[in-house]
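*Asks:* Have a look at the structure that comes next, please.
No lab work stands behind these numbers, since they all come straight from the coordinates. Model, not experiment: these values are computed from the prediction. Cβ sites come from the backbone with ideal geometry, for glycine too, and all protein chains shown count toward neighbours.
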Number of protein chains: 2
Amino acid sequence: MNRIALALDLGGTNLRLAAVGEDGTIYSRSRAETPKGSSGNDVIDLIIHLAENCRSGLEDPSAVCAIAAAVPATINIDEGILNKLPNLRCLEGVPLRDILSNRLGVDAVLENDATAAAIGENWLGASRDVDTSICVTLGTGVGGGLMINGKPYRGKDGTAGEVGHICVEPDGHPCGCGSRGCVEQYASATAVIRMAREAGLDVSTSSDVYNWAKRGNEEAVDVFTAMGTYLGIGLAGLVNVLNPEMIVIGGGVSAAWELFAGDVRREVDERSFPEPAKRVKIVGAELGDDAGILGAARAVFALISK
Amino acid sequence: MNRIALALDLGGTNLRLAAVGEDGTIYSRSRAETPKGSSGNDVIDLIIHLAENCRSGLEDPSAVCAIAAAVPATINIDEGILNKLPNLRCLEGVPLRDILSNRLGVDAVLENDATAAAIGENWLGASRDVDTSICVTLGTGVGGGLMINGKPYRGKDGTAGEVGHICVEPDGHPCGCGSRGCVEQYASATAVIRMAREAGLDVSTSSDVYNWAKRGNEEAVDVFTAMGTYLGIGLAGLVNVLNPEMIVIGGGVSAAWELFAGDVRREVDERSFPEPAKRVKIVGAELGDDAGILGAARAVFALISK
């Protein structure tokens, strides 16, 4: 029998849930806007509601053996508690793993969303068949997940993978993390908008900047050049330190990949040692919004198969 | 019976060899200056001579079961060939593993010297009992080795760990690697001398700069501040990406650790996320010159015990 996991992508904007088979088939989905300014209990109730929806839509609801949540948070893995969620503070300190497990009557696992995306791309996306890869997600912020020797690498406290907070400009733009000149300050959607406005463009989204650049606007083109250059500088250091086989670029801003791929590649080639630079493939993600859901499902299947 | 490995540290200045027991006891040593401008064969003959010396000095020469070489090189691990040795070009392309094995009649293993140091410190030095650590060697250049989940991490081509070639100043000082503004350009002995001279000091070694700084010379103190600051910026990124338990600072320049430890720590604390920053211990190495020899021995014992 094909076992099924419910997989949740707990985003700051949307809650997305899917029922995923062991082979990656998505059998049903449900989604809702993430409630703003509400209590943690309201968010949890909504998650349970979506999960029950998703489960009852299945031919055989009893095939659901687990729920996995990809969360934009650092996680206390041992205890299953959400530590820091800058975009969903109402859930900080919540023992979400046990709540999900108890209310749905199945095993539950929490996974950092960027790590989940890395697992998903490694399972069914751009980095399948690759042992060691880095997945970078360019969204509102810049996230990252590492796969080392075929396994997600989470670090001692589960906080590893914060590629967006490598410093690439010692006295650069202040970052929400408390540092300055982080990759995130040049390669996130937020940064693209800021840099475009600094260049005098009247834009409200990173898509606006993309559209200007596609129409040949020089300032907009320069924004993506700066973005790719700084992202490349950060990644070149990782190529020297980790000698990975692949770097996968995902997240919303990766839709503009064609506009900055060349700059990323140039910096990696110029700044990394020849052998690891030649080795590393730098490619766009393949799973889009589903990377986190699929990765979370994969993580929970791996755990319950042990 | 306690098995013994011969362990070689193939430095650009000295060839050092020791007979090491499975518990890390060093039973005998031999050393010679690395021949300058000679052929690869001359260097190899000298290594064999030192190895035979070391072996014959033992109570039971037949206890020697292997030889391990820590080399300042990238290595083709599968083939046992030295790829790039910037400081010993006469050995580039040499199949040193098989040569050592054939001429000494025991198993042989090659290991990158910085990785060997990381293994050594993890076995008997500062990072023992630590699962995930980064060992940084501050010498003529800046090297690095990673221990991840208790094992040396070498990357896809064995080139991983090049902590010295993380960029910390996008348009900084040109680096021998072809990039600009690498950690090595601010935190190596070479860099310390350069920065001191730029500040008007008449120095010929990094020890001179150290001595000036100890006597309170402001320019010399500033050199170590800059060194620690840039090293800290590079390490802060690694703390965010790898969430390690410990960073071990070794190599000749680490003798001046007290002069820049505070700057390293400050940058890591300011620039890394609170959780991994709090986690990571940053400490001086404990094994000095023997880190590479002990690590190489450990690597070969691990291999032949499989």
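*Asks:* Can you tell which of A:Cys135, A:Cys167, A:Cys175 shows the greatest fluctuation in a Gaussian network model of chain A with Cα springs below 10 Å?
*Replies:* Checking each option, the largest mean-square fluctuation is seen for A:Cys175.
*Asks:* Find the relative contact order for chain A and round it to a whole percent, using C-alpha pairs within less than 8 Å whose residues are 6+ positions apart.
*Replies:* Relative contact order here is 19 percent.
*Asks:* Run the label-point distances for B:Arg215 please: 7 Å along Cα to Cβ, every other copy, nanometres, shortest first.
*Replies:* Between copies, matching label points for B:Arg215 lie 6.7 nm apart.
*Asks:* If you don't mind, another one. Pick from B:Val20, B:Val130, B:Val163 the residue whose mean-square fluctuation is largest in a GNM of chain B, springs joining Cα atoms under 10 Å.
*Replies:* So, out of B:Val20, B:Val130, B:Val163, the one fluctuating most is B:Val130.
*Asks:* To continue, here is another question. What FRET efficiency comes out for the pair A:Asp107/B:Asn211, r = Cβ-Cβ distance, R0 = 45 Å, nearest 0.05?
*Replies:* After rounding, the FRET efficiency stands at 0.10.
*Asks:* Taking the Cβ of each residue in A:Val203, B:Val109, A:Val221 as the centre, tally the other Cβ atoms inside 10 Å and list the residues starting with the fewest.
*Replies:* Working: A:Val203 20, B:Val109 26, A:Val221 17.
Final ranking by Cβ density, sparse to dense: A:Val221, A:Val203, B:Val109.
*Asks:* Further, regarding this structure: Could you give me D for the protein assembly as shown, from Stokes-Einstein at 25 °C and 0.890 mPa s, where the hydrodynamic radius is the Kirkwood radius over C-alpha pairs? Units µm² s⁻¹, please.
*Replies:* Numbers: Rh = 25.6 Å.
Translational diffusion coefficient: 96 µm²/s.
*Asks:* Could you identify which residue out of B:Leu287, B:Leu231, B:Leu58 has the top mean-square fluctuation in a GNM of chain B using Cα springs shorter than 10 Å?
*Replies:* It is B:Leu58.
*Asks:* Return the average number of partner chain Cβ atoms within 10 angstrom of each residue Cβ along peptide B:283-296. Walk me through the numbers before you get to the answer.
*Replies:* Values: counts 0, 0, 0, 0, 0, 0, 0, 0, 0, 0, 0, 0, 0, 0.
Shielding by partners across B:283-296 averages 0.
*Asks:* How much length would be gained if the chain were fully extended between B:Asp42 and B:Thr13, taking 0.36 nm per residue of separation minus their Cα-Cα distance, in nm to one decimal?
*Replies:* In short, 8.9 nm is gained.
*Asks:* Within the range B:235-281, list the GluC sites (Glu not before Pro) lying in a DSSP loop whose Cβ has at most 15 other Cβ atoms in a 10 Å radius.
*Replies:* When the GluC sites (Glu not before Pro) of the range B:235-281 are filtered for loop state and at most 15 Cβ neighbours within 10 Å, nothing remains.
*Asks:* Further, regarding this structure: Between B:Arg128 and A:Asp202, take the C-beta separation as r, use R0 = 51 Å, and let me know the FRET efficiency to the nearest 0.05.
*Replies:* The formula returns an efficiency of 0.30 here.
*Asks:* What residues qualify as long-range amide H neighbours of B:Ala69, i.e. H under 5 Å apart, gap of 5 or more or another chain, H built at 1.01 Å from N?
*Replies:* Result for B:Ala69 returns B:Leu8, B:Val109, B:Leu110, B:Glu111.
*Asks:* Then there's this: What is the gain in length, in nm to one decimal, between A:Glu258 and A:Ile304 on full extension, counting 0.36 nm per residue of separation less the C-alpha to C-alpha distance?
*Replies:* 12.6 nm
*Asks:* Let me ask something else. Sorting A:Asp113, B:Asp222, A:Asp78 on the 10 Å Cβ count, fewest up front, what's the list?
*Replies:* Working: A:Asp113 24, B:Asp222 14, A:Asp78 7.
Fewest-to-most ranking of A:Asp113, B:Asp222, A:Asp78: A:Asp78, B:Asp222, A:Asp113.
*Asks:* Convert each backbone phi in the range B:79-91 into a coupling constant with the Karplus relation 6.51 cos²θ - 1.76 cosθ + 1.60 (shift: θ = phi - 60°), then list the ³J(HN,Hα) values in order as whole Hz, x for Gly and Pro.
*Replies:* So the Karplus estimates, Gly and Pro as x, are 9, x, 10, 7, 8, 10, 10, x, 9, 8, 4, 5, 9 Hz.
*Asks:* Looking at the range B:20-91, which GluC sites (Glu not before Pro) are DSSP coil and have at most 13 other C-beta atoms within 10 Å of their C-beta? Walk me through the numbers on the way to the answer.
*Replies:* Values: sites: B:Glu22, B:Glu33, B:Glu52, B:Glu59, B:Glu79; in loops: B:Glu22, B:Glu59, B:Glu79.
Answer by residue number: B:Glu59, B:Glu79.
*Asks:* Within 10 Å of each Cβ in A:151-163, how many Cβ atoms from other chains are there, averaged over the peptide?
*Replies:* The per-residue average across the peptide is 6.
*Asks:* Which of the trypsin sites (Lys or Arg not before Pro) found in the range A:5-77 are in a DSSP loop and have at most 10 neighbouring Cβ atoms, other than their own, within 10 Å? It would help to have the intermediate numbers written out before the result.
*Replies:* Working: sites: A:Arg16, A:Arg29, A:Arg31, A:Lys36, A:Arg55; in loops: A:Lys36.
Listed in order of number, the matching sites are A:Lys36.
*Asks:* With the cut-off at 35 Å, report for chain A the share of all Cα pairs above it, as a whole percent.
*Replies:* 20
*Asks:* Across chain B, how many lysine pairs, 8 or more apart or on two chains, come within less than 29 Å at their alpha-carbon atoms?
*Replies:* Qualifying lysine pairs in chain B: 10.
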